[in-house]
1. Share of Cα-Cα pairs in the range 162-250 beyond 15 Å, in percent?
2. So if we plug the beta-carbon distance of residue 202 and residue 101 into 1/(1 + (r/R0)^6) with R0 = 41 Å, what FRET efficiency do we get, rounded to 0.05?
3. Plugging the Kirkwood radius over Cα pairs into Stokes-Einstein for the chain, at a temperature of 25 °C and a viscosity of 0.890 mPa s, what D comes out in µm²/s?
4. Starting at the first residue of the range 236-251, write each ³J(HN,Hα) from the Karplus equation 6.51 cos²θ - 1.76 cosθ + 1.60 with θ = phi - 60°, in whole Hz, x for Gly and Pro.
5. State the percent of C-alpha pairs, over all pairs in the range 180-313, separated by a distance greater than 22 angstrom.
6. Using alpha carbons only, what's the Rg to Rh ratio of the range 159-198 with Rh from Kirkwood?
7. Would you compute, from DSSP H runs of 4+ residues alone, the mean residue ellipticity of the chain at 222 nm, taking -39500 (n - 2.57) per run and dividing by the full residue count, rounded to the nearest 500?
8. Can you run the Rg to Rh ratio on the range 5-123? Use alpha carbon positions and the Kirkwood inverse-distance Rh.
Amino acid sequence: MQAHLRIARPVTALERSVAMYSKGLGLTEIGRFENHEGFDGVMLGGVGFGYHFEFTYCHTHPVRPSHTPEDLVVFYLPDHTEWQRTCQSMLEAGFTEVSPFNPYWQQRGRTFEDQDHYRVVLEQAEWRVVSAHKASAAHRAASIGAPKERSNPSIEGTSSTECFIRNACRDDVPAMATLTGEFSRYMRSLDDTTDLRLDAEALERDGFGTEPAFRGLIAEVSGEVVGFLLHHAGYDTDAACRLLFVVDLYVTESARGRGIGAALMNEASKIAAAGGARQIVWTIDRRNALARHFYEGLGASYVKELDLMYLDV
């Protein structure tokens with residue numbers, strides 16, 4: 001079914017709402033009516049848009065806007081420059097930036113509220129439901145940079161399992177902690193004696209606190225979390241370019257062979273490109289043959305000239 005969406009909202013000040021949404025979202029007036037059985041209204045949209053707003057005001061029985069902090073209109077803007085420009089336009093138009101009720105929307109988005117407390121989220125992402133087998137093929141054609149020394153096991157194929165890739169939120173911590181426990185047991189089977197400390201407490205503290213050290217992606221199949229990818233920003237001074245560093249990638253054993261790992265990497269590539277990065281980098285444990293096979297299958301290259309070093313502080 002093909003349909004056009006109308007978002008109808010009663011407002012307290014019709015012309016002010018029209019001005020704010022026109023300037024903030026770049027909408028144009030596509031219709032107007034006056035005293036239609038006591039109602040005035042204005043419709044805002046654009047040529048070729050699949051939606052429009054309708055703002056109304058009733059002179060005889062004014063309706064007080066009623067909503068909750070979770071009643072949202074969400075716009076997905078994959079281009080980072082356009083997203084930043086639109087966020088600035090919202091502020092200049094008189095919207096107030098607020099903290100979202102659901103922390104999911106602060107991962108890659110900003111939430112704005114109008115004078116009637118209606119909320120609009122600008123999400124710096126592309127909306128899609130990812131088909132894992134398509135993502136696997138698409139990712140092989142992408143330039144994803146060069147790995148270094150250590151990462152998680154997940155060897156994926158190209159079957160047609162439908163998976164949904166989204167940003168991680170605080171509610172995902174228990175499922176992510178379960179998967180990190182699986183990964184720890186896998187590494188111990190390879191004679192890795194490292195004490196893995198990435199538990200639920202660490203994930204919540206360092207991934208979803210006031211100053212997150214990393215951000216995450218979640219892979220879901222039929223509503224179940226089956227994999228995750230953690231990443232943070234980096235920089236290559238030799239090439240003078242931004243990087244995206246993949247800290248961990250893991251897919252539960254029962255979900256492997258379906259292209260889910262490749263779908264996660266494909267989404268990470270899009271995040272990297274949107275943020276101005278030219279490469280994705282990560283490390284691989286030399287004992288982890290599954291991980292090497294998976295990343296080589298994506299067309300990744302090794303950095304043979306570099307050694308990984310560290311200092312305790």
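Quick note: the coordinates plus some simple rules give every number you see, no bench work behind them. Treat the numbers as computed from the prediction; the structure is a model and nothing was measured. Glycine also receives a Cβ, built like all others from the backbone with ideal geometry; neighbour counts cover every protein chain displayed.
1. Result for the distance tail: 63 percent.
2. E between residue 202 and residue 101, to the nearest 0.05, is 0.95.
3. Answer from the Stokes-Einstein relation: 112 µm²/s.
4. So the Karplus estimates, Gly and Pro as x, are 9, 6, 5, 8, 6, 8, 6, 10, 10, 9, 7, 7, 8, 9, 8, 10 Hz.
5. Beyond 22 Å sits 43 percent of the P(r) for the range 180-313.
6. Radius of gyration over Kirkwood radius for the range 159-198 works out to 1.11.
7. Using -39500 (n - 2.57) per qualifying helix, the result is -8000 deg cm²/dmol.
8. Taking Rh as the inverse mean 1/r over Cα pairs, Rg/Rh reads 0.97.
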